[in-house]
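Colleague: Could you have a look at this structure, given as structure tokens, before my questions?
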Amino acid sequence: MTAGAAAEQPRRCVVLGGSGTVGRALVAELARAGAHVAFTYRQGREIAEELTRVFPGVTALEVDLADPRAAAEAADVLARRLGGVDAFAHCAVRASSIEPPAFDALEEVCLDGFAGVLAVNVTSAFAAARSLLPHFDRGGNVVLFGSVDGIKPVRSPVPYAVSKAALAGLAISLAKPFGQRGVRVNLIAPGVLEAGASRTLPDDLRREYLKHCGLRRLGKVEEVAALAAWLSLENTYVTGQTLVVDGGL
Ligand SMILES: NC(=O)c1ccc[n+]([C@@H]2O[C@H](COP(=O)([O-])OP(=O)(O)OC[C@H]3O[C@@H](n4cnc5c(N)ncnc54)[C@H](OP(=O)(O)O)[C@@H]3O)[C@@H](O)[C@H]2O)c1
């Protein structure tokens, strides 16, 4: 096969949390760019069915990422389904240590839930990335999602902020070993977006954010998904970085 023919092959993308607000926008963006996408969902079966109906090259798998072994196994299954991997994005998030999910201020943090937040947000990302590494047969990109909560002293739920800081560490620590196989690893750290995981943010904090944000508006899901798609499909030399998308907070 010539290099030209290889370059024309559809890119193969695994997305964990493809049913989420950012995840589904990313899946759509990747599919529109001609990529073959395999993603996971947990409760969002209807969203998963809609995505696979609208985009014929897209498939979905139900998995509970609270179990990191299940995350590793699901990533492996999806990579085999695609016949290899060119990009992996981890968009899944558990934003709260308590049920029903709420902005868990210091006094409300549930210690068992703390471990659960780290399992879904961090350990599953590590387990899936490690399990996918042998499937990156022509280099590629890993895209993780942090948050400004993990890099700036904003008022935020402790378990969520800790998990987001850990993901920045994960991007840094994976960059070297993954780089040896031509795989870049980066983290997108959004500020507050118009929808999604920030749904539990109290109104006074949203107002505070707008006051200090240079662009004086919340971020759009599509703006973050577009960057994630670029990192997934186009990035060739950025690695180990945190890209902050907060409108100038
Ligand atoms: N939206 C924001 O304002 C914002 C701001 C800063 C950072 N971020 C980051 O951006 C990323 C995407 O966030 P989002 O707004 O798209 O969140 P979201 O809309 O709440 O979506 C969360 C995703 O995680 C999945 N998920 C949750 N628990 C799971 C579990 N135990 N097992 C498997 N999947 C599970 C959900 O699956 P189901 O729905 O199928 O159950 C869904 O796909 C996250 O890392 C988030 O921290 C978002």
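Taken together, the values in this text are just the output of simple stated rules run on the coordinates, not laboratory data. Since this is a predicted model, take the numbers as computed values, not measurements. We place every Cβ from the backbone using ideal geometry, glycine too, and count neighbours over all the protein chains shown.
Colleague: Quick check: Cα centre of segment 72-115 to Cα centre of segment 224-249, how many Å?
Modeller: So the separation of the two Cα centres works out to 20 Å.
Colleague: Can you give the FRET efficiency to the nearest 0.05 for Gln180 and Glu222, using r as the Cβ-Cβ distance and R₀ = 45 Å?
Modeller: Once rounded, the FRET efficiency stands at 0.85.
Colleague: Then there is this: Using a Förster distance of 25 Å, how high is the FRET efficiency between Glu208 and Leu106, based on the Cβ-Cβ distance and rounded to 0.05?
Modeller: My answer for the efficiency is 0.90.
Colleague: Given a 10 angstrom Cα cut-off, can you work out which residue in Ala92, Ala175, Ala228 is the most mobile in a GNM of the chain?
Modeller: Answer for the Gaussian network model of the chain: Ala175.
Colleague: For the chain, return all DSSP H helices satisfying: extent of Cα atoms along own axis at least 24 Å; mean Kyte-Doolittle hydropathy at least 1.0. Before the final figure, lay out the partial values.
Modeller: On the way: long enough: 158-179 (31 Å, 1.05).
Going by DSSP H runs, the hits are 158-179.
Colleague: If you stretched the chain out fully between Glu46 and Asp76, how much longer would it get, using 0.36 nm times the residue separation minus the C-alpha to C-alpha distance?
Modeller: Difference between extended and current length: 8.4 nm.
Colleague: Taking the Cα atoms of segment 1-140, what is the range of coordinates along each of the three principal axes, in descending order and whole Å?
Modeller: In descending order, the Cα extents are 61, 30, 19 Å.
Colleague: For labels at Leu215 and Ala195 in the simple 7 Å Cα→Cβ model, what's the distance in nm?
Modeller: Label at Leu215, label at Ala195, 1.7 nm between them.
Colleague: Another question, if that's okay. Remind me, what semi-axes does the chain give for its equivalent ellipsoid, largest first in whole Å, using sqrt of 5 times each Cα gyration tensor eigenvalue?
Modeller: Numbers: eigenvalues 165, 72, 62 Å².
Listed largest to smallest, the semi-axes of the chain are 29, 19, 18 Å.
Colleague: To the nearest 500 deg cm²/dmol, what mean residue ellipticity at 222 nm is calculated for the chain from DSSP H runs of n ≥ 4 alone, each contributing -39,500 (n - 2.57), summed and divided by the residues?
Modeller: Helix-only estimate at 222 nm: -13000 deg cm²/dmol.
Colleague: Now a separate question. Under a point spin-label approximation (7 Å from Cα along Cα-to-Cβ), what is the Glu62-Glu99 distance to one decimal in nm?
Modeller: Placing both labels 7 Å beyond Cα along the Cβ direction yields 1.6 nm.
Colleague: Continuing with the same structure: Say R0 is 35 Å: what FRET efficiency, to the nearest 0.05, do Ala115 and Asp137 get from their beta-carbon distance?
Modeller: Efficiency, rounded to the nearest 0.05: 0.50.
Colleague: If each of Gln9 and Lys152 carries a label point 7 Å out from its Cα toward its Cβ, how far apart are those two points in nm?
Modeller: Result: 4.2 nm between the two label points.
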